[in-house]
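Following: one structure in structure tokens, then a few remarks.
The values are calculated or read from the model by the stated rules, or taken from the named source; none is laboratory data. Computed from a prediction, not measured in an experiment: that's the story for all the values here. Please note: Cβ atoms are built from the backbone with ideal geometry, for glycine as well, and neighbour counts cover all protein chains shown.
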Amino acid sequence: MTATTTDHGTGPTDARSTGPVLSLTGISKRFGAVQALSDVSLEVRAGEVVALVGDNGAGKSTLVKVIAGVHPPDSGRVEVEGWPVTIDSPAAAQRIGIATVFQDLSLCDNLDVVANLFLGNEALHGPTMDEVEMERRSWELLRQLSAKIPSVRVPVASLSGGQRQTVAIARSLLGNPKVVMLDEPTAALGVAQTAEVLNLVETLRDQGLGVLLISHNMADVLAVADRVVVLRLGRNNGDFEVPHTTNEEIVAAITGATNNAVSERSRRTAQRHADQEAQP
């Protein structure tokens, strides 16, 4: 099974490549009686971090798996660099430049960093693995991310949570992706390790990649995202430019609260603070 594109002659190097690197339009997906996604649209541009947020059951995981080639959509259109594609397997997603780092990371604790980076994609020298080349490329990938890992020959089991995320992200870069999806990359991490991972997200953006960040942590989202896309009950329920929005507005879209209710809470909070400051 392969990812296919519609041939328009010049390929994705024409003027349309200046648009979104990943575009989803009208994506719907049903599992039996459950409508998991309904007419969902999403865009990610090169050099942009888009956060995908929503309550449990909002459809985030299903949408990620559609993009990653795990679940085929029932309807809708997916484009990469302006060209329509069919993503019918995870391998197909990787071939067209979509890399996914799932929450479980899929690392082998008993293997070292090099082995984890190249597992299933080993560099060969004749009939044997080229350990020297794989080690060289491992250091190259980690330097690209400004990673703080002491050695590529240490077992992954000995690394911190942030370092393990680094290895998983570095592995995703082996195929020179256009888009990297990160599923809850800071879950269960401490403050220092979270900061390390958020720096990696910014590094990916600075290198011109499109980043789709799935997270429940609004502090992390507002720290690194350029835009926030909200899903609610399997549908789009907001698209916010981070410099021009507030945490309250995003949370209201997640929960379905009305704008009037949000405004009233904001007014009451401001009044309470003003009253407290006025007290002697």
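Observations
- Identity of the residue in the range 168-196, among the β-branched types (Val, Ile, Thr) and surrounded by 21 or more Cβ atoms within 10 Å (Cβ to Cβ), that ends up farthest from residue 90 (Cα to Cα): 194
- Residue check, residue 77 in the same structural domain as residue 26 (by TED's automatic domain parsing), out of contact with any helix residue (DSSP H, G or I) (no Cβ under 9 Å at 6 or more places or on another chain) and farther than 29 Å from residue 228 by Cβ: no
- Residue check, residue 191 in the same structural domain as residue 30 (by TED's automatic domain parsing) and in contact with a Gly (Cβ under 9 Å, 6 or more places away or on another chain): no
- Test for residue 40: is it within 18 Å of residue 86 (Cβ to Cβ), out of contact with any His (no Cβ under 9 Å at 6 or more places or on another chain) and either surrounded by 23 or more Cβ atoms within 10 Å (Cβ to Cβ) or modelled with pLDDT under 95 (or both): yes
- Residues of the range 154-167 that are surrounded by 15 or more Cβ atoms within 10 Å (Cβ to Cβ) and assigned to a loop (DSSP other than H, G, I, E, B): 159, 160.
- Test for residue 147: is it outside any loop (DSSP other than H, G, I, E, B) and buried (at least 20 other Cβ atoms within 10 Å of the Cβ): no
- Checked against the criterion of being closer than 30 Å to residue 237 by Cβ, in contact with a strand residue (DSSP E or B) (Cβ under 9 Å, 6 or more places away or on another chain) and in a strand (DSSP E or B), the candidates 51, 92, 58 yield just one match: 51.
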